[in-house]
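**Q** The structure is given below, and queries will be raised subsequently.
The values are calculated or read from the model by the stated rules, or taken from the named source; none is laboratory data. What you see is a predicted model; the values in this text were computed from it and never measured. As a convention, Cβ positions derive from the backbone with ideal geometry for all residues, glycine included, and neighbour counts pool all protein chains shown.
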Amino acid sequence: MLTSEIPLPPFASQQQAQLFHDLVEYFLFRLDPENQRGIRETTVWSAVGRHVPQLAPPNHSQPGAHRHDRRHQFSCAACGASYPCRMTLAAAVTCRLPAPWDPIVLASALRRAGDEEWVYGKVSEGVLSWGVTEITTATRDSGGWDMSRRVKGRTAQLAEGLSNDDLSTWILAGLKKFPLPEGIEVPARWPSDIPGWVTDPPVHAEDEPAEPPSWLPGFGDDG
């Protein structure tokens, strides 16, 4: 269920930006309902925790920071791009943050964050266009959003009459990546002892779970 109480970028205050980040971390924490977080989950959770919003201009020497970010009020403390950065947005997708995403808001955030699919794209009230080698375009009329994709000079219709929620879901799905080694064969160039490790991971001793954030209900000083 979506909730309109989750603030979306661009944020009006640092409190809004921090609340958005706190909720991303909270929903990452909730991905494992039995609270049995392993090394992978804890690593992702800890990494996202470094990409917090700060009241500072974006560092334009960093990847993902672009000139059109300069009027943006918040930047990522870890990578210097406009906040929310690509990592935080991807984490919001992964943890299924129930935010009331809007296509224009979402596309604008991705462009500010320097996402490679949106840096040279078009974002306006009636037209969205994104991609590198495959250009996807969404145009809005009274019946909703119509989508098409252009590849090597040929255009194919993808969908017609999409709602804002439908298009937002489509855009969010494009942020999902499959990191190594999911869905791939072990490259031949890897060291010879790596394939066995990937296909048959070693058994680790049970690790102590990381302490949950103090603001999480039930774990704070007042819990």
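**Q** Starting from residues that are among the acidic types (Asp, Glu) and either within 15 Å of Leu89 (Cβ to Cβ) or modelled with pLDDT under 65 (or both), keep the ones in segment 18-40 and report whichever is surrounded by the most Cβ atoms within 10 Å (Cβ to Cβ).
**A** The residue in question is Glu25.
**Q** Against the definition (assigned to a helix (DSSP H, G or I) and either modelled with pLDDT of 65 or more or in contact with a helix residue (DSSP H, G or I) (Cβ under 9 Å, 6 or more places away or on another chain) (or both)), how does Asp165 come out, yes or no?
**A** When the stated conditions are applied, Asp165 passes them.
**Q** Please work out which residue is nearest to Ala109 (Cα to Cα), limiting yourself to segment 126-142 and to residues that are surrounded by fewer than 18 Cβ atoms within 10 Å (Cβ to Cβ) and not small (Gly, Ala, Ser).
**A** Val127
**Q** Looking only at residues that are surrounded by 19 or more Cβ atoms within 10 Å (Cβ to Cβ), in contact with an Asp or Glu (Cβ under 9 Å, 6 or more places away or on another chain) and in a loop (DSSP other than H, G, I, E, B) in segment 53-81, which one is modelled with the highest pLDDT?
**A** Ala81
**Q** Restricting to segment 100-142, name every residue that is modelled with pLDDT under 85 and more than 19 Å from Cys85 (Cα to Cα).
**A** Thr133
**Q** Any idea which of Trp101, Trp145 is buried (at least 21 other Cβ atoms within 10 Å of the Cβ) and part of a strand (DSSP E or B)?
**A** Going through Trp101, Trp145 in turn, just one is buried (at least 21 other Cβ atoms within 10 Å of the Cβ) and part of a strand (DSSP E or B): Trp145.
**Q** Looking only at segment 170-186, decide whether some residue is surrounded by 11 or more Cβ atoms within 10 Å (Cβ to Cβ), modelled with pLDDT of 90 or more, under 30 Å from Pro98 (Cα atoms) and not hydroxyl-bearing (Ser, Thr, Tyr).
**A** Checked segment 170-186: no residue is surrounded by 11 or more Cβ atoms within 10 Å (Cβ to Cβ), modelled with pLDDT of 90 or more, under 30 Å from Pro98 (Cα atoms) and not hydroxyl-bearing (Ser, Thr, Tyr).
**Q** Still on this structure, I have one more. Restricting the search to segment 82-98, which residues are in a loop (DSSP other than H, G, I, E, B) and in contact with a helix residue (DSSP H, G or I) (Cβ under 7 Å, 6 or more places away or on another chain)?
**A** Tyr83, Pro84, Cys95, Arg96, Leu97
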